[in-house]
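Here's the structure, in structure tokens; my notes come after.
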Amino acid sequence: MSNWRLRGDPKTIGGVNVVTEELRNLYYKRLLPIEKHYSFHHYHSPSYEDADFDNKPMVLVMGQYSTGKTTFIRYDILMQLDGIQVKSTSVCRYLIEQDFLGSRVGPEPTTDCFTALMHGEAEGIIPGNALTMDPKKPFRNLDPFGNTFLNRFQCVQMPNQVLESITIIDTPGILTAARKKLSRGYDFPAVLRWFAERVDRIILLFDAHKLEFSDELTRAFEALFGYEDKLRVVLNKADRVDSQQLMRVYGALMWSLGKVFKTPEILRVYVGSFWSEPRQMCDHYQLIDLEEEDLLADIRNLPHNAVVRKLNDLVKRARLVRAHAHIIGYLKEEMPTLFCKESKKHNLIYQLPVIFTKIQQQHRVPAGDFPDCTKMQEQLLSQNFSKFKKLKPSLMASLDKLLNNDIANLVPLLQQQELQNKPLAGVLDGEFLGTFRRDHYKRHPFKEFKDGDDSEQDSIEWIVEKHKPKYDEIFYNLSPNEGKLSGAKVKEWMTTTLLPNSVLAHIWRLSDVDADGMLDNEEFALAVHLIEGKLEGHWLPRELPSHLLPPSKRLNMTDEESN
């Protein structure tokens, strides 16, 4: 298992900050002056700030209510184990491994606000209005959405290791068709589009039992147009349908997504069971396990790919700015000096699709770089064309230099820095899979003794002993050979637990104390004890605490040390 993770602020990592700083400088030097000259921010997104370059990768989690969004964020994988009594309160933990302030889970619409989960030394909530005033947070440009939205926006800070590497945005559940007429009081799709432009990944969850596409869901999809490369779709609660039903539901979801996004490219749809109920045994549980690992691996790689994403978004923005400048410049050239300004304005707005085509042909601007024509027409109705600026050759030359030379010069540097800093730019696998947490274990059964407690360690009873008869029954039912179970037999039994392979591998390493590739009855009892503890919500230790060593292994180790 990989044991590297992102530490501290991304600005301090090796030379990756060199590329980030260069992107920042290029934006302020070449792109921002053009945005201001042609009032780009009145039609499209606000200008970038320092926090947009310095912030950690962000993951936007969205979907209809009761699809498992908040549970996906809160919980990590703990599954029910055959042959062992597990409390019915066992839940599945996935990303941050803990509850967060203000979170609730239920079948009704429980999440009614946007919540940014960020790392902090102490737990606390920052309200939306105060959050938009913080220059170190990348949310200052949300202020124009007004108090109605800001009262439904908050930042929850907590000392969580996963949040040292990424920021997670939890969203309100999208309303179903029965509630489509209710108004949120703010432009919900516009807020989603604001986040879609800035986040690194968009996780869209669907419930396998309800695939209805409401009006609000369709409008939310429209807000994601142009950012499909960031989108990952999850068909959740797939363990509650059989394989035949899953095939039909999967096909129906793909068909519906194709109609909404109107693109020949097929979106990646993951099959998972990210919610608060223990996973049920089903024919496709191995598929669910593999799909969940693929999705979590995709999220783990976000810190490593963060600079690439920022570069990609800057290029996408620069191409949109170029198209916008040509549109404004053309409209200015066509406006009369004195008379019939208003009628000419409306005529130009009506002819905007034709104008787009002319600009494409005359200036070789790709059609994909242009904004939505209908939306642009609506925005132009309230503008004074007389205040528009003509094309300024020096600014356009600077923009062409940015796209043709400056960005191209950054690519080799980025590749070089990726090779040099790859071991630093990721999230520890165990933090997502709930395998262990450094220096923080629950008291029982995995707590380590402090230094100097050797006498207590030697005299303490092996806590596995009281449950060993139950574990021995499982052990002997597996038909050991000469008092030991082979690795193949133990693996076959362990995989029936539905725990992730990485978690089971770590439990095997802890349990095979003598490292002979087999487990005797004491080592097997230790393995089952560790699995039970994991199911009860404990963190697995990185190394086996001495008080959990089987008694026979303690004697062997003492003899080895004395020799």
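The values are calculated or read from the model by the stated rules, or taken from the named source; none is laboratory data. A quick note: this is a predicted structure, and the numbers were derived from the prediction, not measured. Don't worry about glycine lacking a Cβ; one is built from the backbone with ideal geometry, like all the others, and counts go over all protein chains shown. Side chains are part of the model used for accessible areas, which takes the heavy atoms of the whole protein and leaves out ligands, DNA and RNA. Shrake-Rupley method; radii C 1.70, N 1.55, O 1.52, S 1.80 Å.
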Using a 10 Å cut-off on Cβ atoms, rank the peptides 467-480, 157-170 from the highest mean neighbour count down.
157-170, 467-480
Charges at C-beta only: +1 for Lys and Arg, -1 for Asp and Glu. How large is the resulting dipole of the range 332-423 about its Cα centre, in Debye rounded to 20?
360 debye
Keeping every protein chain in place, order Asp283, Asp50 by accessible area at 1.4 Å, biggest value first, i.e. largest first.
Asp283, Asp50
Loop-only check: which GluC sites (Glu not before Pro) in the range 220-274 are DSSP coil with at most 14 other Cβ within 10 angstrom?
Glu265
State the volume of the convex hull built on the alpha-carbon positions of the range 246-328, expressed per residue in Å³ and rounded to an integer.
156 Å³
Just flag the trypsin sites (Lys or Arg not before Pro) in the range 107-174 sitting in loop per DSSP whose Cβ has no more than 15 other Cβ atoms within 10 Å.
Lys136
Would you rank His284, His41 by solvent-accessible area, highest first, keeping every protein chain in place and using a 1.4 Å probe?
His41, His284
With just the Cα atoms defining each centre, how far is the range 523-552 from the range 276-352? Give it in Å.
48 Å
Would you tell me the accessible area of Ser398, worked out with a 1.4 angstrom probe on the heavy atoms of the protein chains, in Å² to the nearest 10?
20 Å²
